[in-house]
Structure formats: C-alpha cells, structure tokens
1. Quick check: is even one residue across region 84-95 in a strand (DSSP E or B), within 14 Å of ligand 1 (Cβ to nearest atom) and surrounded by fewer than 21 Cβ atoms within 10 Å (Cβ to Cβ)?
2. Could you tell me whether ILE135 is aliphatic (A, V, I, L, M), touching a strand residue (DSSP E or B) at 6+ places or on another chain (Cβ under 8 Å), part of a loop (DSSP other than H, G, I, E, B) and open to solvent by less than 30 Å² (accessible area, probe 1.4 Å)?
3. When you scan region 17-30, do you find a residue that is more than 30 Å from ARG149 (Cβ to Cβ), aliphatic (A, V, I, L, M) and either loosely packed, with under 13 Cβ neighbours inside 10 Å or over 15 Å from the mean Cα position of the chain (by Cα) (or both), even just one?
4. Just the residues that are assigned to a helix (DSSP H, G or I) and surrounded by fewer than 12 Cβ atoms within 10 Å (Cβ to Cβ), please, taken from region 152-167.
5. Is it true that TYR64 is open to solvent by less than 60 Å² (accessible area, probe 1.4 Å), at pLDDT 95 or above and either assigned to a loop (DSSP other than H, G, I, E, B) or in contact with a strand residue (DSSP E or B) (Cβ under 7 Å, 6 or more places away or on another chain) (or both)?
6. State whether the residues of region 96-112 include one that is free of Cβ contacts under 8 Å to residues at least 12 places away in the same chain, in a loop (DSSP other than H, G, I, E, B) and more than 16 Å from ligand 2 (Cβ to nearest atom).
7. Residue by residue through region 21-38, note down the ones that are near ligand 1 (Cβ under 7 Å from one of its atoms) and either of a type in the set (Gly, Ala, Ser) or in a helix (DSSP H, G or I) (or both).
8. Is it fair to say ARG103 is of a type in the set (D, E, K, R), at positive phi and either modelled with pLDDT of 95 or more or open to solvent by 10 Å² or more (accessible area, probe 1.4 Å) (or both)?
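The values are calculated or read from the model by the stated rules, or taken from the named source; none is laboratory data. For clarity, every value in this text was computed on a predicted model and none was experimentally measured. Note that we place each Cβ from the backbone using ideal geometry, even for glycine, and neighbour counts take in every protein chain shown. For the accessible areas, the whole protein counts, side chains as well, though only heavy atoms, and no ligand, DNA or RNA atoms are used. Shrake-Rupley method; radii C 1.70, N 1.55, O 1.52, S 1.80 Å.
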Amino acid sequence: MIIKDAIYIGSYVDLAQLPEGVEPEIALLGRSNVGKSSLINKAVRRKNLAKSSSTPGKTRTINYYLINKSWYLVDLPGYGYAKVSKKERQSWGKMIENYLLKRDKLRGVVLLLDIRHPPQASDKAMKAWLEHNNIPLMLVATKADKISRSARGKHLHTISKELGLSSADMLFCFSAVTGEGIEEIKAAWQEVLND
Ligand code: GTP
Ligand code: MG
C-alpha cells in the first residue's frame, strides 16, 4: 500500500458526531503510551500528523485521519491509564466499546502491545472481547528498537503464548524509530480493506 495522502479530519467524544459516508475504517487500540499515534505518523510518513507524547493519556478523543481520500485510520484513546479518575475511565471504556460494537464501517482493529512487556490483564481482556465480538484483529508489538535483536524471538513468543495466538493470527514487530515492520502492516491493512 502506498499512502499518498493523509488528512486529519477531526477529534470526537460523541459517537453521534463521527464522520458520515461510506469509507471503511481501521482502528488502533492499545494501552496508553504504547505507540498508537507514532504508528500512524510512521505509516503516513509525517512527523506530527497524530499528536504523540511521552505523557500517557495524550489521546483522549477518537481521532480520524482520511487516507488516500478513501479510508480512515482511527486513533482511539489508550486504555489502562492509571492517572485518570475511575469515572472518567469507565466513560472512555463505554465510548470505545460502543464504537467497536456499533460502527458498521469498521473493518478491523490493530491491537498494539509494547514488545518489552508481557501482555497485561487489560490487553488479554481486550483481545478476548474483540474475538468474542467477531471483530477482525491484527497485533503489533511496538518499540522493537528498544530490545536487542537476539531477545526479540523470546519476547514475541511470550506475547503469543500469553494471548493464546495461533498461527492464523497476525503478529507484527514494529518500530516507529527505524520504520521496521511498517510495510508489512500496511500490506495487511490493504488486505483488510480489500476483503
Ligand atoms: P496515548 O495517546 O497516550 O494513548 O499514547 P500512544 O499510544 O498514542 O503513544 P505515542 O505514539 O504518543 O507514543 C508514546 C511514547 O512512546 C512517545 O514518547 C513516543 O516517542 C514513544 N514511542 C512510540 N513508538 C516508539 C518506538 O517504536 N520506539 C521508541 N523508542 N519509542 C517509541
Ligand atoms: Mg496517542
């Protein structure tokens, strides 16, 4: 997939406000700070299209990016961010859940995990919930530049085992620093959109 054009469309807190139209969409999901916004920037080759930050919880809205004038990449708020009130966390959870269940143009979800750490309870719950609801899923292990090449296999194996992945599941290794993995991820998006 060649991305020639990427436009920020808007940020939403209310599902009723989301863009109308027929364009399909792919959403990025993962714990706060895992690298969702950085993946978008790498995919579209722009430094700051999606705001990324070392402060967890930066993305608190559903953000839409129109790609090649034909489909949307959707940046969802990160889950598992401790420093927000329980009430706020529940309302985000509800919003994300409603989005994932009701958005009929959603073609698939990219679930991001930090390659350095075993999946946490919230990651496992999210993966199980997506499967239960038959939402097509691909997994991306982020920040691959932060561990040595020799340690990589072991970390990917832990992720696979903890999430109960099978050979049919897609698990990509990605670094926003080196760009490793981005072409494979984009090719997978193309397939999801073609289906
Ligand atoms: P929220 O919006 O808070 O949910 O976070 P996010 O998932 O969008 O994460 P974001 O892309 O903002 O990245 C968080 C931090 O991790 C930033 O400081 C990034 O520079 C850093 N980061 C993201 N991806 C990588 C990567 O592949 N390698 C390295 N070394 N750092 C990364
Ligand atoms: Mg973000």
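1. no
2. yes
3. Yes: one or more hits.
4. Selection gives GLY153, LYS154, HIS157, LYS161.
5. When the stated conditions are applied, TYR64 passes them.
6. Within region 96-112 (the criterion being free of Cβ contacts under 8 Å to residues at least 12 places away in the same chain, in a loop (DSSP other than H, G, I, E, B) and more than 16 Å from ligand 2 (Cβ to nearest atom)), the answer is yes, since at least one residue qualifies.
7. Passing the criteria: GLY30, SER32, GLY35, LYS36, SER37, SER38.
8. Taking the combined requirement at face value, the residue does not satisfy it.
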